Amino acid sequence: MPDGISERLISWYSQHGRGLPWRDRTDPYTVWISEIMLQQTRVDTVIPYFQRWMSRFPDLASLAAASEEEVLRQWEGLGYYSRARNLHKTAKIITKDYDGKFPAGRVVLQKLPGIGRYTAGAIASIAFGQDEAALDGNVRRVLARIFNVSLPARSCEAETLFWDLAGRLIPPGKAGQFNQAVMDLGATICTPRNPNCPACPVSSLCEANQLGIQEQRPVLETRQSIPHLIVTAGVIQRDGYVFLARRPPNGLLGGMWEFPGGKCEPGEGLPGCLKRELWEELGVEVQVGEAFGVYEHAYTHFSVTLHAFLCRLEKGEPQAFEASEIRWVRPEDLASLPMGKLDRQISRRILSLPGSH
(Lines give C-alpha, C1' and ligand atoms only; values in the text may rest on other atoms or scores of the structure.)
Protein backbone atom coordinates (compact mmCIF):
# COMPACT_ATOMS: atom_id res chain seq x y z
CA MET A 1 0.00 0.00 0.00
CA PRO A 2 1.50 3.38 -1.00
CA ASP A 3 2.78 5.55 1.84
CA GLY A 4 1.36 9.01 2.43
CA ILE A 5 -2.25 8.55 1.28
CA SER A 6 -3.79 9.12 4.71
CA GLU A 7 -1.51 12.01 5.59
CA ARG A 8 -2.17 13.80 2.32
CA LEU A 9 -5.94 13.39 2.65
CA ILE A 10 -6.04 14.67 6.24
CA SER A 11 -3.83 17.64 5.32
CA TRP A 12 -6.09 18.43 2.36
CA TYR A 13 -9.19 18.11 4.55
CA SER A 14 -7.82 20.54 7.14
CA GLN A 15 -7.71 23.21 4.41
CA HIS A 16 -10.58 22.25 2.12
CA GLY A 17 -13.11 20.33 4.24
CA ARG A 18 -16.70 21.45 3.73
CA GLY A 19 -18.19 23.73 6.35
CA LEU A 20 -21.32 21.76 7.21
CA PRO A 21 -23.67 22.58 10.13
CA TRP A 22 -23.27 19.17 11.78
CA ARG A 23 -19.52 19.62 11.92
CA ASP A 24 -19.90 22.40 14.47
CA ARG A 25 -20.54 19.61 17.01
CA THR A 26 -19.07 16.12 17.26
CA ASP A 27 -21.35 14.68 19.95
CA PRO A 28 -22.81 11.28 19.01
CA TYR A 29 -26.40 12.54 18.70
CA THR A 30 -25.44 15.17 16.11
CA VAL A 31 -23.25 12.75 14.15
CA TRP A 32 -25.99 10.11 14.22
CA ILE A 33 -28.76 12.42 12.99
CA SER A 34 -26.64 13.87 10.19
CA GLU A 35 -25.41 10.48 8.99
CA ILE A 36 -28.91 9.00 8.89
CA MET A 37 -30.24 12.02 7.00
CA LEU A 38 -27.38 11.83 4.50
CA GLN A 39 -28.14 8.26 3.51
CA GLN A 40 -29.17 8.34 -0.16
CA THR A 41 -29.77 12.10 0.09
CA ARG A 42 -27.74 15.05 -1.19
CA VAL A 43 -25.99 17.35 1.28
CA ASP A 44 -27.71 20.52 0.04
CA THR A 45 -31.09 18.84 0.52
CA VAL A 46 -30.20 17.68 4.04
CA ILE A 47 -28.94 20.99 5.46
CA PRO A 48 -32.32 22.75 6.02
CA TYR A 49 -33.89 19.52 7.30
CA PHE A 50 -31.03 19.02 9.73
CA GLN A 51 -31.31 22.58 11.02
CA ARG A 52 -35.08 22.31 11.55
CA TRP A 53 -34.72 18.90 13.17
CA MET A 54 -32.08 20.09 15.63
CA SER A 55 -34.21 23.11 16.49
CA ARG A 56 -37.15 20.84 17.33
CA PHE A 57 -35.22 17.84 18.69
CA PRO A 58 -31.95 19.29 20.02
CA ASP A 59 -31.04 16.15 21.95
CA LEU A 60 -31.83 12.50 22.42
CA ALA A 61 -34.33 13.10 25.22
CA SER A 62 -36.51 15.46 23.16
CA LEU A 63 -36.60 12.98 20.29
CA ALA A 64 -37.47 10.05 22.55
CA ALA A 65 -40.31 12.04 24.16
CA ALA A 66 -41.92 13.03 20.83
CA SER A 67 -44.78 11.19 19.15
CA GLU A 68 -44.08 9.17 16.01
CA GLU A 69 -46.46 11.41 14.08
CA GLU A 70 -44.46 14.50 15.00
CA VAL A 71 -41.19 12.78 14.12
CA LEU A 72 -42.54 11.82 10.70
CA ARG A 73 -43.86 15.34 10.14
CA GLN A 74 -40.40 16.80 10.83
CA TRP A 75 -38.87 14.26 8.46
CA GLU A 76 -41.44 14.79 5.70
CA GLY A 77 -39.85 15.33 2.32
CA LEU A 78 -36.61 13.45 3.00
CA GLY A 79 -38.12 10.12 1.96
CA TYR A 80 -37.15 6.62 3.13
CA TYR A 81 -39.38 7.12 6.15
CA SER A 82 -38.17 3.97 7.89
CA ARG A 83 -35.08 6.06 8.73
CA ALA A 84 -37.19 8.44 10.81
CA ARG A 85 -39.06 5.63 12.54
CA ASN A 86 -35.77 3.93 13.38
CA LEU A 87 -34.37 7.19 14.78
CA HIS A 88 -37.37 7.37 17.07
CA LYS A 89 -37.06 3.73 18.13
CA THR A 90 -33.34 4.05 18.82
CA ALA A 91 -33.82 7.23 20.86
CA LYS A 92 -36.31 5.39 23.05
CA ILE A 93 -34.01 2.38 23.44
CA ILE A 94 -30.99 4.49 24.42
CA THR A 95 -33.13 6.46 26.86
CA LYS A 96 -34.49 3.30 28.46
CA ASP A 97 -31.60 0.83 28.27
CA TYR A 98 -28.51 3.05 28.27
CA ASP A 99 -29.59 5.78 30.70
CA GLY A 100 -29.85 8.25 27.82
CA LYS A 101 -26.16 7.93 26.87
CA PHE A 102 -25.00 6.73 23.46
CA PRO A 103 -23.09 3.44 23.58
CA ALA A 104 -19.59 4.00 22.24
CA GLY A 105 -18.62 0.73 20.58
CA ARG A 106 -19.28 -0.03 16.92
CA VAL A 107 -20.57 -3.52 17.62
CA VAL A 108 -23.07 -2.28 20.19
CA LEU A 109 -24.15 0.60 17.96
CA GLN A 110 -24.90 -1.82 15.11
CA LYS A 111 -27.47 -3.58 17.28
CA LEU A 112 -29.64 -0.45 17.38
CA PRO A 113 -32.46 0.05 14.81
CA GLY A 114 -31.33 1.69 11.59
CA ILE A 115 -27.60 1.73 12.44
CA GLY A 116 -25.58 -0.36 10.02
CA ARG A 117 -21.85 -0.86 9.81
CA TYR A 118 -21.19 2.43 8.01
CA THR A 119 -23.19 4.60 10.42
CA ALA A 120 -21.75 2.78 13.44
CA GLY A 121 -18.24 3.39 12.09
CA ALA A 122 -18.97 7.06 11.47
CA ILE A 123 -20.34 7.60 15.01
CA ALA A 124 -17.53 5.59 16.64
CA SER A 125 -14.79 7.43 14.73
CA ILE A 126 -16.14 11.00 14.63
CA ALA A 127 -17.88 11.18 18.01
CA PHE A 128 -15.77 8.78 20.08
CA GLY A 129 -12.37 8.94 18.36
CA GLN A 130 -12.21 5.21 17.77
CA ASP A 131 -10.17 3.70 14.93
CA GLU A 132 -13.15 2.51 12.88
CA ALA A 133 -13.66 2.69 9.13
CA ALA A 134 -16.77 4.17 7.52
CA LEU A 135 -17.54 3.00 4.00
CA ASP A 136 -20.13 4.90 1.96
CA GLY A 137 -20.56 5.49 -1.76
CA ASN A 138 -18.02 8.32 -1.86
CA VAL A 139 -15.41 6.25 -0.03
CA ARG A 140 -15.98 3.23 -2.31
CA ARG A 141 -15.44 5.40 -5.37
CA VAL A 142 -12.22 6.94 -4.02
CA LEU A 143 -10.80 3.55 -3.02
CA ALA A 144 -11.83 1.95 -6.32
CA ARG A 145 -9.83 4.59 -8.18
CA ILE A 146 -6.80 4.81 -5.91
CA PHE A 147 -6.34 1.02 -5.91
CA ASN A 148 -7.81 0.37 -9.41
CA VAL A 149 -10.39 -2.12 -8.14
CA SER A 150 -11.81 -3.95 -11.15
CA LEU A 151 -14.36 -5.98 -9.19
CA PRO A 152 -18.03 -4.93 -9.52
CA ALA A 153 -18.33 -2.32 -6.79
CA ARG A 154 -21.41 -3.85 -5.17
CA SER A 155 -20.21 -7.44 -5.21
CA CYS A 156 -19.48 -9.25 -1.95
CA GLU A 157 -15.83 -9.59 -2.92
CA ALA A 158 -15.48 -5.86 -3.55
CA GLU A 159 -17.31 -4.98 -0.33
CA THR A 160 -14.89 -7.11 1.69
CA LEU A 161 -11.91 -5.58 -0.11
CA PHE A 162 -13.13 -1.99 0.37
CA TRP A 163 -13.66 -2.46 4.10
CA ASP A 164 -10.19 -3.96 4.38
CA LEU A 165 -8.57 -1.11 2.43
CA ALA A 166 -10.45 1.55 4.40
CA GLY A 167 -9.41 -0.05 7.69
CA ARG A 168 -5.77 -0.34 6.71
CA LEU A 169 -5.61 3.32 5.67
CA ILE A 170 -6.84 4.70 9.01
CA PRO A 171 -4.04 6.50 10.88
CA PRO A 172 -4.25 5.64 14.61
CA GLY A 173 -6.18 8.26 16.56
CA LYS A 174 -7.30 10.15 13.45
CA ALA A 175 -10.08 7.96 12.06
CA GLY A 176 -12.73 10.69 12.31
CA GLN A 177 -10.65 13.17 10.32
CA PHE A 178 -9.63 10.54 7.78
CA ASN A 179 -13.17 9.25 7.20
CA GLN A 180 -14.53 12.75 6.68
CA ALA A 181 -11.59 13.61 4.42
CA VAL A 182 -12.31 10.69 2.08
CA MET A 183 -16.05 11.48 2.09
CA ASP A 184 -15.35 15.11 1.18
CA LEU A 185 -12.86 14.18 -1.51
CA GLY A 186 -15.45 11.90 -3.11
CA ALA A 187 -18.15 14.55 -2.87
CA THR A 188 -16.17 17.49 -4.24
CA ILE A 189 -13.23 16.24 -6.34
CA CYS A 190 -13.37 12.47 -6.95
CA THR A 191 -16.91 12.77 -8.30
CA PRO A 192 -18.76 10.07 -10.27
CA ARG A 193 -18.31 11.92 -13.56
CA ASN A 194 -15.56 14.32 -14.63
CA PRO A 195 -13.38 13.95 -11.50
CA ASN A 196 -11.08 16.92 -10.96
CA CYS A 197 -7.88 14.87 -10.79
CA PRO A 198 -5.47 17.85 -11.03
CA ALA A 199 -6.88 19.18 -7.74
CA CYS A 200 -6.70 15.80 -5.96
CA PRO A 201 -4.07 15.51 -3.21
CA VAL A 202 -3.46 11.83 -3.98
CA SER A 203 -3.62 11.88 -7.79
CA SER A 204 0.04 10.84 -8.08
CA LEU A 205 -0.73 7.79 -5.91
CA CYS A 206 -3.97 6.90 -7.71
CA GLU A 207 -3.57 3.82 -9.93
CA ALA A 208 -6.66 4.54 -12.03
CA ASN A 209 -5.54 8.12 -12.65
CA GLN A 210 -2.07 6.99 -13.70
CA LEU A 211 -3.68 4.59 -16.18
CA GLY A 212 -6.21 7.19 -17.38
CA ILE A 213 -9.18 4.98 -16.46
CA GLN A 214 -10.52 6.90 -13.47
CA GLU A 215 -13.95 7.31 -15.10
CA GLN A 216 -14.15 3.53 -15.53
CA ARG A 217 -13.87 3.03 -11.77
CA PRO A 218 -15.75 1.95 -9.80
CA VAL A 219 -17.17 -0.82 -11.96
CA LEU A 220 -20.95 -0.44 -11.88
CA GLU A 221 -23.63 -2.78 -13.09
CA THR A 222 -25.99 -1.45 -15.77
CA ARG A 223 -29.21 -0.19 -14.23
CA GLN A 224 -32.42 -1.67 -15.47
CA SER A 225 -35.28 0.66 -16.39
CA ILE A 226 -37.66 1.18 -13.50
CA PRO A 227 -41.38 0.39 -13.78
CA HIS A 228 -43.95 3.18 -14.04
CA LEU A 229 -47.23 2.90 -12.15
CA ILE A 230 -50.56 4.63 -12.75
CA VAL A 231 -52.42 5.16 -9.47
CA THR A 232 -55.55 6.96 -8.32
CA ALA A 233 -56.51 8.76 -5.12
CA GLY A 234 -59.85 9.95 -3.84
CA VAL A 235 -60.46 13.29 -2.14
CA ILE A 236 -63.57 12.42 -0.14
CA GLN A 237 -65.22 15.43 1.48
CA ARG A 238 -68.16 15.63 3.89
CA ASP A 239 -69.54 18.46 6.03
CA GLY A 240 -66.37 20.52 5.68
CA TYR A 241 -64.02 17.62 6.48
CA VAL A 242 -61.76 15.55 4.22
CA PHE A 243 -61.04 11.85 4.67
CA LEU A 244 -57.54 10.44 5.24
CA ALA A 245 -56.12 6.96 5.83
CA ARG A 246 -52.84 6.18 7.56
CA ARG A 247 -50.52 3.68 5.93
CA PRO A 248 -49.37 0.64 7.96
CA PRO A 249 -46.16 1.30 9.93
CA ASN A 250 -44.02 -1.01 7.79
CA GLY A 251 -43.29 -0.66 4.09
CA LEU A 252 -43.23 2.30 1.72
CA LEU A 253 -44.29 5.58 3.39
CA GLY A 254 -45.09 3.65 6.57
CA GLY A 255 -47.07 5.68 9.11
CA MET A 256 -47.81 8.50 6.67
CA TRP A 257 -51.30 9.87 6.00
CA GLU A 258 -52.73 9.66 2.48
CA PHE A 259 -55.78 10.18 0.33
CA PRO A 260 -56.96 6.60 -0.24
CA GLY A 261 -56.68 4.89 -3.58
CA GLY A 262 -54.32 2.55 -5.37
CA LYS A 263 -52.71 1.11 -8.46
CA CYS A 264 -54.61 0.63 -11.71
CA GLU A 265 -54.81 -2.88 -13.09
CA PRO A 266 -54.08 -3.49 -16.81
CA GLY A 267 -56.95 -2.23 -18.97
CA GLU A 268 -58.73 -0.60 -16.02
CA GLY A 269 -60.07 2.96 -16.34
CA LEU A 270 -59.21 5.58 -13.74
CA PRO A 271 -62.70 6.00 -12.17
CA GLY A 272 -63.19 2.23 -12.14
CA CYS A 273 -59.83 1.74 -10.46
CA LEU A 274 -60.63 4.28 -7.77
CA LYS A 275 -64.06 2.81 -7.06
CA ARG A 276 -62.56 -0.66 -6.72
CA GLU A 277 -59.72 0.48 -4.49
CA LEU A 278 -62.00 2.42 -2.13
CA TRP A 279 -64.32 -0.56 -1.86
CA GLU A 280 -61.42 -2.91 -1.09
CA GLU A 281 -59.65 -0.53 1.31
CA LEU A 282 -62.59 1.11 3.06
CA GLY A 283 -65.74 -0.89 2.25
CA VAL A 284 -67.50 2.10 0.70
CA GLU A 285 -69.11 2.90 -2.62
CA VAL A 286 -68.35 6.34 -4.02
CA GLN A 287 -69.35 8.57 -6.87
CA VAL A 288 -66.17 9.68 -8.63
CA GLY A 289 -66.44 13.35 -9.54
CA GLU A 290 -64.19 15.84 -11.29
CA ALA A 291 -60.47 15.39 -11.65
CA PHE A 292 -58.36 17.03 -8.95
CA GLY A 293 -54.94 17.10 -10.54
CA VAL A 294 -52.25 14.81 -11.92
CA TYR A 295 -49.12 14.35 -9.81
CA GLU A 296 -45.76 12.78 -10.70
CA HIS A 297 -43.01 11.35 -8.50
CA ALA A 298 -40.02 9.03 -8.95
CA TYR A 299 -39.10 6.69 -6.10
CA THR A 300 -35.91 4.64 -6.01
CA HIS A 301 -37.27 1.55 -7.74
CA PHE A 302 -40.34 2.85 -9.58
CA SER A 303 -42.09 6.03 -10.72
CA VAL A 304 -45.70 7.08 -10.29
CA THR A 305 -48.33 9.14 -12.04
CA LEU A 306 -51.18 9.79 -9.59
CA HIS A 307 -54.63 10.93 -10.76
CA ALA A 308 -56.69 12.48 -7.97
CA PHE A 309 -60.49 12.86 -8.08
CA LEU A 310 -63.07 14.51 -5.90
CA CYS A 311 -65.38 11.81 -4.52
CA ARG A 312 -68.69 11.60 -2.67
CA LEU A 313 -69.72 8.73 -0.42
CA GLU A 314 -72.77 6.88 -1.74
CA LYS A 315 -72.96 3.80 0.46
CA GLY A 316 -71.25 2.65 3.63
CA GLU A 317 -69.07 4.23 6.28
CA PRO A 318 -65.28 3.98 5.85
CA GLN A 319 -63.60 1.11 7.70
CA ALA A 320 -59.85 0.65 8.23
CA PHE A 321 -59.53 -2.66 6.36
CA GLU A 322 -56.01 -1.93 5.09
CA ALA A 323 -55.04 1.30 6.87
CA SER A 324 -53.65 1.44 10.40
CA GLU A 325 -55.96 4.39 11.16
CA ILE A 326 -58.59 6.53 9.42
CA ARG A 327 -59.67 10.05 10.20
CA TRP A 328 -61.92 12.90 9.03
CA VAL A 329 -59.79 16.05 9.09
CA ARG A 330 -60.51 19.73 8.76
CA PRO A 331 -58.59 21.19 5.80
CA GLU A 332 -56.71 23.59 8.06
CA ASP A 333 -55.31 20.61 10.01
CA LEU A 334 -53.85 18.87 6.96
CA ALA A 335 -50.53 20.70 7.31
CA SER A 336 -49.89 19.18 10.75
CA LEU A 337 -50.08 15.55 9.55
CA PRO A 338 -47.10 13.74 7.98
CA MET A 339 -47.62 12.90 4.30
CA GLY A 340 -45.64 11.72 1.31
CA LYS A 341 -44.82 14.16 -1.47
CA LEU A 342 -47.82 13.44 -3.70
CA ASP A 343 -50.40 13.57 -0.91
CA ARG A 344 -48.85 16.80 0.37
CA GLN A 345 -49.36 18.33 -3.08
CA ILE A 346 -53.01 17.29 -3.02
CA SER A 347 -53.48 18.71 0.47
CA ARG A 348 -51.96 22.03 -0.61
CA ARG A 349 -54.37 22.21 -3.50
CA ILE A 350 -57.25 21.60 -1.09
CA LEU A 351 -56.03 24.44 1.09
CA SER A 352 -55.88 26.74 -1.96
CA LEU A 353 -59.60 26.29 -2.63
CA PRO A 354 -61.96 29.10 -1.59
CA GLY A 355 -63.57 28.47 1.78
CA SER A 356 -61.14 25.73 2.79
CA HIS A 357 -59.84 27.61 5.85
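The values are calculated or read from the model by the stated rules, or taken from the named source; none is laboratory data. Fair warning: this is a prediction, and the values are worked out from it, not measured in the lab. Don't worry about glycine lacking a Cβ; one is built from the backbone with ideal geometry, like all the others, and counts go over all protein chains shown.
Does E277 satisfy being charged (D, E, K, R) and farther than 21 Å from I350 by Cα? Here the answer is yes, as E277 does meet what is asked. When G272, G316 are checked against the criterion of being in contact (Cβ under 8 Å) with a residue 12 or more places away in the chain and out of contact with any helix residue (DSSP H, G or I) (no Cβ under 6 Å at 6 or more places or on another chain), G316 stands alone in meeting it. Where helices (runs of 4 or more DSSP H) fall entirely within the range 1-84, those with at least 3 residues that are within 17 Å of the chain's Cα centre (by Cα) and under 30 Å from N148 (Cα atoms) are at 28-38.
Among the numbered conditions (1) on the phi > 0 side of the Ramachandran plot; (2) in contact (Cβ under 8 Å) with a residue 40 or more places away in the chain; (3) not in a strand (DSSP E or B), the only one that G251 does not meet is (2). Taking the criterion of being part of a helix (DSSP H, G or I), free of Cβ contacts under 8 Å to residues at least 40 places away in the same chain, farther than 23 Å from L151 by Cβ and of a type outside the set (G, A, S), the only residue of the range 174-227 that qualifies is P198. If the condition is being modelled with pLDDT under 95 and either more than 30 Å from E268 (Cα to Cα) or touching a Ser or Thr at 6+ places or on another chain (Cβ under 8 Å) (or both), then the range 216-226 contributes L220, E221, T222, I226.
List pairs: first in the range 67-85 and closer than 19 Å to P113 by Cα and buried (at least 22 other Cβ atoms within 10 Å of the Cβ), second of a type in the set (F, W, Y) and at pLDDT 95 or above, Cβ under 6 Å, 6+ apart or cross-chain? Filtered contacts from the range 67-85: A84/W75.
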